[in-house]
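Inspection log for the structure reproduced underneath, given as structure tokens.
The values are calculated or read from the model by the stated rules, or taken from the named source; none is laboratory data. Note that the coordinates shown come from a computational prediction; the quantities given were computed from them, not determined experimentally. Note that we place each Cβ from the backbone using ideal geometry, even for glycine, and neighbour counts take in every protein chain shown.
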Amino acid sequence: MSTTYLTQLIEHLTELQEKRSDHLHTISKAVAHRLELGGIIQLFGSGHSSLLAQEPYYRAGGLVPVKPVLVDALMLHNGGLQASEKERDPSFGETFVGDLDIQKEDVVIVISTSGRNPVPVDVALEAKRRGALTIGLQSLAYQGTQPSRHPSGKRLEHVVDDVIDTAVPIGDAILEAEDIDQPFGPSSTVVGAALIHDVFTRVILEMKRRGNPPPIFKSGNVEGASDHNDQLIAAYRDRIDY
């Protein structure tokens, strides 16, 4: 069978399961502990990483206390060029990080495939300063090959408490073909989404193991879901805009 995008993804995700499962379980226990303290999970990313920040938010079958950090200038709906430019601007982070609602019980997942740009590093530094558990979702393949653009010289993995390594290749693409002069088939969004949901499902199981009912959304397309969801939303409405 010839190599396809799906076969490459399956191989990559299988390798992550085999090599990183224990680490993902350790992370999930730390996240579950923060939720039990009353914290929430916040996710931040720029450009395509902002899509991952939104992926688990208000999601049927997903955790309720999940909040994407949305900064318009860093999102794709205002243009990919602008999002990329702002993410690399060493002064842009200071325009919004001080206004973020981050509390010491929270988990802040900062998503940056390369881990080198200033704004994700600034968000992680601010979250850590406030006592939140900070986690980088990134590819450590870039480590040692792509220098930081942050004024401190630090990359994302240098400032967070832990890292979920997507292990996607430098440049993101996973396919090659004869007579096509560059790799193609971006992988970071698919792999990142899979890892986020893997960790969050582990969090759910860990909370259940500890005797704490995990707050899980029901699909709004299923009868009787509204009352269930409304009760859970009420518990977090002061922190999260649903």
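A compact table of results
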item	result
Residue list for the stretch 206-227, restricted to those being modelled with pLDDT of 95 or more and surrounded by 14 or more Cβ atoms within 10 Å (Cβ to Cβ)	E206, M207, P214, P215, I216, F217, K218
Some residue of the stretch 86-109 being buried (at least 23 other Cβ atoms within 10 Å of the Cβ), in contact with a Ser or Thr (Cβ under 7 Å, 6 or more places away or on another chain), among the aliphatic types (A, V, I, L, M) and over 27 Å from G185 (Cα atoms)	yes
Scan of the stretch 176-209 for residues that are part of a loop (DSSP other than H, G, I, E, B) and touching a strand residue (DSSP E or B) at 6+ places or on another chain (Cβ under 7 Å), ordered by number	P183, S187
Filter pass, P90 being farther than 23 Å from D22 by Cα and touching a Leu at 6+ places or on another chain (Cβ under 8 Å)	no
Residues (charged (D, E, K, R) and within 14 Å of the chain's Cα centre (by Cα)) located in the stretch 150-160	E157
Evaluation of G80 against (1) buried (at least 17 other Cβ atoms within 10 Å of the Cβ); (2) over 19 Å from L35 (Cα atoms) (one fails), failing number	(1)
Conditions (1) modelled with pLDDT of 95 or more; (2) in contact with a strand residue (DSSP E or B) (Cβ under 9 Å, 6 or more places away or on another chain); (3) not hydrophobic (A, V, I, L, M, F, W, C); (4) not in a helix (DSSP H, G or I): number failed by R20	(4)
Search result, residues across the stretch 44-59 that are among the hydrophobic types (A, V, I, L, M, F, W, C), touching a helix residue (DSSP H, G or I) at 6+ places or on another chain (Cβ under 8 Å) and either assigned to a helix (DSSP H, G or I) or surrounded by fewer than 20 Cβ atoms within 10 Å (Cβ to Cβ) (or both)	L51, L52
Condition check for D181: touching a residue at least 12 places away in the same chain (Cβ under 8 Å) and either buried (at least 17 other Cβ atoms within 10 Å of the Cβ) or more than 25 Å from P65 (Cβ to Cβ) (or both)	no
